[in-house]
1. Of all residues being without any contact (Cβ under 8 Å) to a residue 60 or more places away in the chain and in a loop (DSSP other than H, G, I, E, B) in the stretch 306-334, which is surrounded by the most Cβ atoms within 10 Å (Cβ to Cβ)? Just the residue, please.
2. Name the residues in the stretch 103-117 that are assigned to a helix (DSSP H, G or I) and buried (at least 23 other Cβ atoms within 10 Å of the Cβ), would you?
3. State which residue is surrounded by the fewest Cβ atoms within 10 Å (Cβ to Cβ) when the search covers only the stretch 28-80 and only residues that are in contact with a strand residue (DSSP E or B) (Cβ under 8 Å, 6 or more places away or on another chain) and farther than 20 Å from residue 373 by Cβ.
4. List the helices (runs of 4 or more DSSP H) that sit entirely inside the stretch 209-287 and contain at least 1 residues that are within 30 Å of residue 329 (Cβ to Cβ) and within 16 Å of the ligand (Cβ to nearest atom).
5. Would you check which residues across the stretch 117-126 are within 16 Å of the ligand (Cβ to nearest atom) and touching a helix residue (DSSP H, G or I) at 6+ places or on another chain (Cβ under 6 Å) and list them?
6. Taking residue 362 and the conditions (1) at pLDDT below 90; (2) farther than 21 Å from residue 313 by Cα; (3) within 21 Å of the chain's Cα centre (by Cα), which numbered condition does it fall short on, given that it satisfies the others?
7. Given (1) away from the ligand (no atom under 16 Å from the Cβ); (2) in a helix (DSSP H, G or I); (3) modelled with pLDDT under 90, identify the lone condition not met by residue 21.
8. Sort out which residues of the stretch 294-323 are in contact with a strand residue (DSSP E or B) (Cβ under 7 Å, 6 or more places away or on another chain) and more than 16 Å from the ligand (Cβ to nearest atom), and write them in order of number.
Ligand code: SF4
């Protein structure tokens, strides 16, 4: 059952727990509930119990689709589902690699993604015309992306464009909908991920235009700091609904003058999982001899205290290559840290979550991405079996420009001409990111 040669380096053992908690039955789509009922009736959640049940559905689907089926998952997936995806020949990756995986695979025609919606939509935007993309749970969204929906961001963009015209260049973090990425493409801007934000923002600064960076203000501040920008170079525009209501006229003369002096306007969005970390957490572990590594979605004051900062891929590589006997404290999504901790322990490396400090002074705990964890074994099993039987529900099909209600799974689709325009503009912003990244610009 162990698969030490997986791309991620993860290993699965018979006693490993598969999921961190069960979801209530009514959280599943109606078509998925029979599979969930079977899963909930299993005697336990150990790999040795869950895998034979999964095999009964997944193996026929793998045989049916052959190399045409591609399974993808993100590192933040809860429990051991990342290992399950690899067990069935799938791939685990960060959001940058996920976006590229499908189109790099000439055989893949059906892509099934276990992660959040913006990742699946990015795959769909870059996919070839003969590829279809499915998400195992359409209610799986990113709360940061939800703070920058098109109806919130577009009015702010129009305010800024009304004042700065073609000088405005949008850089959209990958954690945005296709519609917001299209906004970046329309201004000649680019998408970025945490693994290439420094290169992409560096490129944007060299265009000598005013950057509108959306939606993560913390990543924006961290990257701006790496590139030598500070203080009045940055202006934080409110995020969420408040951002859509804010007008420049409502800022008053002094604030407007500050806005005019800035080189980067940052949308005030954030990730609740990563803003939990504090500088004092970092100091706690450093004082105890741990090397502290953090994700740049953490506030800049946390990044400034740490020994290193980088993307999900960087953090995973550091954890997997740390020499035996070393001790690392990592500040990022909780399931990632737990998976890294379990895998590193097999090599004699100790890993802790930076926020896990059980003292009266802190009594804090790191947390996982709750929305990403809405994917579990029954979601994967049901999606594959329903696809094999030609009965996959439409809300699970991902098309560029879809507007998803993460509470109900309702999906508003654009008419074909509008969808093609959004896909074209968003693809331009993604392609620009790929070009900048593959050039290795500083
Ligand atoms: S960890 Fe935060 S930024 Fe990442 S997918 Fe979850 S909510 Fe979004």
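The values are calculated or read from the model by the stated rules, or taken from the named source; none is laboratory data. The structure displayed is predicted, hence computed values, not measured ones. Because the Cβ atoms are built from the backbone with ideal geometry, glycine has one as well, and the counts that use them run over all protein chains shown.
1. Here the residue is 332.
2. Going residue by residue through the stretch 103-117, those that are assigned to a helix (DSSP H, G or I) are 103-104, 117.
Scanning the stretch 103-117 gives a single hit, 117.
3. This residue is 68.
4. On the way: elements: 217-226, 240-245, 253-261, 279-287.
The qualifying helices (runs of 4 or more DSSP H) are 217-226.
5. Within the stretch 117-126, 118, 119, 121, 122, 123 qualify.
6. Among (1) at pLDDT below 90; (2) farther than 21 Å from residue 313 by Cα; (3) within 21 Å of the chain's Cα centre (by Cα), the lone unmet condition for residue 362 is (3).
7. Among (1) away from the ligand (no atom under 16 Å from the Cβ); (2) in a helix (DSSP H, G or I); (3) modelled with pLDDT under 90, the lone unmet condition for residue 21 is (2).
8. Once the filter is applied, which keeps residues that are in contact with a strand residue (DSSP E or B) (Cβ under 7 Å, 6 or more places away or on another chain) and more than 16 Å from the ligand (Cβ to nearest atom), the stretch 294-323 yields 306, 307, 308, 318, 319, 322.
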